[in-house]
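Just below is one structure, and these are the notes that go with it.
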Amino acid sequence: MQGVLAICVTLATLSIAAVFLGLFDQLIESLPGRGSPSSATSEGAARRVDQSAGADDRDQAPEGHRAIYRDGKLYLEGAVPSEEISAAFEAKAAEVIGADNVVNNYVIDPRAAVPTDGRVVVDEPFLFRFDSARIDPRFHGLLDLGVLVMNLNPQATMRVVGHADATGSTRYNDGLSRDRADSVAAYLVEHGIDDSRVEVDAKGERQPVADNGTRQGRAQNRRIEIELLNLLG
């Protein structure tokens, strides 16, 4: 009987000791700078995976920088490789349109290519009436701004691309879209821009931005698109 009692006492003592050891381990693990080995390994692996994934994705370079003029502001978007390059493009954009009108949305990504393209896409509606290449007077202000910018930046050139809706034959729409681009180029030349600085192109009905099956869609497709090249270069 005494032997059995001694065994029970011994087991109880061991259980109490195990409880205290467990509490002690928990206390140690809670101290600053301590953590479970499994957690540390897991986090380290995650970081290595991220770095490895970044290296593996170098062939898929991030989308390069782009500059978009919209609603009176110049938006700098896409990826550039450094803060210095971001600041340089922002400063140049401020010279063109004023610092208050520049919105820098660049993402800094060392994998991004060094930008060599100073292009600015004009994201403003510039539409034509049905079967017409006549410039609507309400767009004169936008073209006048283009003239001003080109006069202030002699290195810049302009690319004008004409478009048409799908009404009529493809051949006719090719010619109509060319006439629309030529009308814009003629306006610029009449206002003092050398014709060597204006490039025209025509896409006919091949690049719609809206549904040609609706009246509203066709109206949106009767348009020109403008890019200023080398403006921020």
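Go through (1) modelled with pLDDT of 90 or more; (2) more than 15 Å from D117 (Cβ to Cβ); (3) in contact with a Lys or Arg (Cβ under 8 Å, 6 or more places away or on another chain) and name the single condition G54 misses.
Failed condition: (1).
Among the residues of segment 100-118, count how many are of a type outside the set (A, V, I, L, M) and surrounded by 18 or more Cβ atoms within 10 Å (Cβ to Cβ).
Our first condition is that a residue be of a type outside the set (A, V, I, L, M); within segment 100-118, this holds for 100-101, 104-106, 109-111, 115-118.
Next cut, surrounded by 18 or more Cβ atoms within 10 Å (Cβ to Cβ) only: 106, 115, 118.
Qualifying residue count for the region: 3.
Residues are listed down the side, and each one gets a yes or a no for (1) crowded, with 16+ Cβ neighbours inside 10 Å; (2) within 26 Å of the chain's Cα centre (by Cα); (3) without any contact (Cβ under 8 Å) to a residue 60 or more places away in the chain; (4) within 25 Å of K92 (Cβ to Cβ):
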| residue | (1), (2), (3), (4) |
| --- | --- |
| L145 | no, yes, yes, yes |
| A156 | yes, yes, no, yes |
| Y172 | no, no, yes, no |
| A181 | yes, no, yes, no |
| H191 | no, no, yes, yes |
| E225 | yes, yes, no, yes |
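For A88, are the conditions met, namely being at pLDDT below 95, outside the structural domain of N221 (by TED's automatic domain parsing) and out of contact with any Leu (no Cβ under 6 Å at 6 or more places or on another chain)?
Answer is yes for this residue.
Within segment 126-143, can you find the residues that are modelled with pLDDT of 95 or more, among the basic types (K, R) and farther than 14 Å from A186 by Cα?
R129
Among the residues of segment 63-101, what is the count of those that are part of a strand (DSSP E or B) and under 29 Å from D144 (Cβ atoms)?
Restricting attention to segment 63-101, the residues satisfying the condition of being part of a strand (DSSP E or B) are 64, 66-70, 73-77, 79-80.
With under 29 Å from D144 (Cβ atoms) added as a condition, the list becomes 66-70, 73-77.
Here the count works out to 10.
Restricted to segment 123-179, and to residues that are part of a helix (DSSP H, G or I) and hydroxyl-bearing (S, T, Y), which residue is nearest to A219 (Cα to Cα)?
So the residue we want is S177.
Failed condition for D131, given (1) surrounded by fewer than 15 Cβ atoms within 10 Å (Cβ to Cβ); (2) over 25 Å from V96 (Cβ atoms); (3) touching a residue at least 60 places away in the same chain (Cβ under 8 Å), with all others met?
It is condition (3) that D131 fails.
Collect the residues in segment 119-128 that are exposed (fewer than 15 other Cβ atoms within 10 Å of the Cβ) and under 16 Å from the mean Cα position of the chain (by Cα), keeping them in residue-number order.
Matches in segment 119-128: D123 only.
Would you call H140 touching a strand residue (DSSP E or B) at 6+ places or on another chain (Cβ under 6 Å) and either buried (at least 19 other Cβ atoms within 10 Å of the Cβ) or on the phi < 0 side of the Ramachandran plot (or both)?
Details: touching a strand residue (DSSP E or B) at 6+ places or on another chain (Cβ under 6 Å): no; either buried (at least 19 other Cβ atoms within 10 Å of the Cβ) or on the phi < 0 side of the Ramachandran plot (or both): yes.
Here the answer is no, as H140 does not meet what is asked.
May I ask you to verify whether G204 is buried (at least 17 other Cβ atoms within 10 Å of the Cβ) and at pLDDT 95 or above?
yes
The values are calculated or read from the model by the stated rules, or taken from the named source; none is laboratory data. None of the values given here were measured: they were computed from a predicted structure. Heads up, the Cβs are rebuilt from the backbone with ideal geometry, glycines too, and the neighbour counts pull from every protein chain shown.
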